[in-house]
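Scroll down for the structure; my scribbles are underneath it.
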């Protein structure tokens, strides 16, 4: 694995091309540029290893989903939001073969030359265009033919084509007032529209459910939906408080992702492994890759552990002290003490720094996608501190030929 610099004289054009051709409408977070000045190149051997590990992880997670859904008592220690707990009983009609399952496993290289994962984004992972168009623009900018990449968007579209009939109507559900959400959906919508699907861009409450089927209520786009692609996280959905949202849990309309994804999305998922193993599951690969995860009260301020919000996203509120700014660390610890069940304690791993130019070094997170059990490419971010959050920069993942 190495960082290959985008030539300085080409970087500004590269950045503009990403903004206008790769749906990178938010190239800045506060004062931070979020488009890396490098490409991340992994070897073919590293690619094969990540692909193999991810396949094992996904296979076990799929089994776990089924076991939990058939025995919801196992979900008790996941401490899901109360409103979600009231609805998960409706998922008994979940049919895996009908839906599109999209997961992203976040891998980190460690100082002992191994891989750790920090989580699986099983509800609404992002990074679609960055994993589809960004690598090709990087290859064109570098003017190199020794690299290749996997186009995530093409693989996701093929999976949708397998589940939704030709010319079907698909609603892309997202927080419509946020450009960083819309850019993800616009990328996918443009690809689907190009091959004949009827695309509707809507918010979570623009759907009504009748006889467990989804219908659009948007003016000018009313009618039955053939597929829901949801980019609004479940826990955000209940906080937005739309009047009609319960139907997402038992709809027979093809969905990506179905709410069953919430079981593994919560960081408390490892806390029920022991019970799952009693029901026939095995988590050997998970245990090798995911740092030991325990209850906050068990950690007892052990400095070897960090705290993570159970429903956290984008690296928010993770208590890596050297990555926190101003009084952020103290605020996190205060919140952990106040709401211990909303956090988990996880053993801290030593992230390996990847060297750039002129003494620069970065921490890397490689998100490995899985679509209906198939490997579907990579989305990566880099940071100068050992926490990958909103301040991190997006970086294309290229694979060495050979």
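Since every read-out is calculated from the coordinates, none of them should be taken as a lab result. Please read these numbers as outputs of a predicted model, since none were measured by experiment. Don't worry about glycine lacking a Cβ; one is built from the backbone with ideal geometry, like all the others, and counts go over all protein chains shown.
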Exposure-ranked with fewest Cβ neighbours within 10 Å first, 190, 106, 123, 205 stand as 190, 205, 106, 123
Label zone at residue 205 (point 7 Å along Cα-to-Cβ), backbone N below 17 Å, the range 239-259:
239-248
Between residue 158 and residue 30, what is the label-to-label distance in nm when each label sits 7 Å out along the Cα-to-Cβ direction?
4.1 nm
If the elastic network links every pair of Cα atoms under 10 Å, which of 52, 300, 348 fluctuates the most in the Gaussian network model of the chain?
300
Å³ per residue enclosed by the Cα convex hull of the chain
147 Å³
I need two numbers for the range 159-306: Rg to one decimal and Dmax as a whole number, Cα atoms only, in Å.
19.1, 57
So, with points 7 Å from each Cα along the Cβ direction, the residue 71-residue 97 label distance in nm works out to 2.5 nm
Expressed in angstrom and rounded, the centroid-to-centroid distance over alpha carbons for the range 218-263 and the range 110-127 is 26 Å
Burial ordering of 253, 222, fewest other beta-carbon atoms within 10 Å first
222, 253
Once you place label points 7 Å from the Cα toward the Cβ at residue 165 and residue 143, how far apart are they in nm?
5.2 nm
So what's the back-of-envelope 222 nm ellipticity for the chain, counting only DSSP H runs of four-plus at -39500 (n - 2.57) apiece and dividing by all residues, rounded to 500?
-9000 deg cm²/dmol
What list do you get for 49, 235, 274 if you sort them by fewest beta carbons within 10 Å?
274, 49, 235
Please give the contour-minus-distance gain from residue 298 to residue 355: 0.36 nm per residue of separation, less the Cα-Cα distance, rounded to one decimal in nm.
16.9 nm
Kirkwood hydrodynamic radius, the range 292-347, all distinct C-alpha pairs: what's the number in Å?
11.1 Å
Report the Cα centroid-to-centroid distance between the range 1-65 and the range 295-317 in angstrom, as an integer.
26 Å
Stretched fully, the stretch from residue 333 through residue 384 gains (0.36 nm per residue minus C-alpha distance, one decimal, in nm) 16.1 nm
Out of 345, 95, 214, a Gaussian network model of the chain with alpha-carbon springs under 10 Å gives the largest mean-square fluctuation to 95
Could you grab the relative contact order for the range 1-81? Cα pairs under 8 Å, six or more apart, rounded to a whole percent.
32 percent
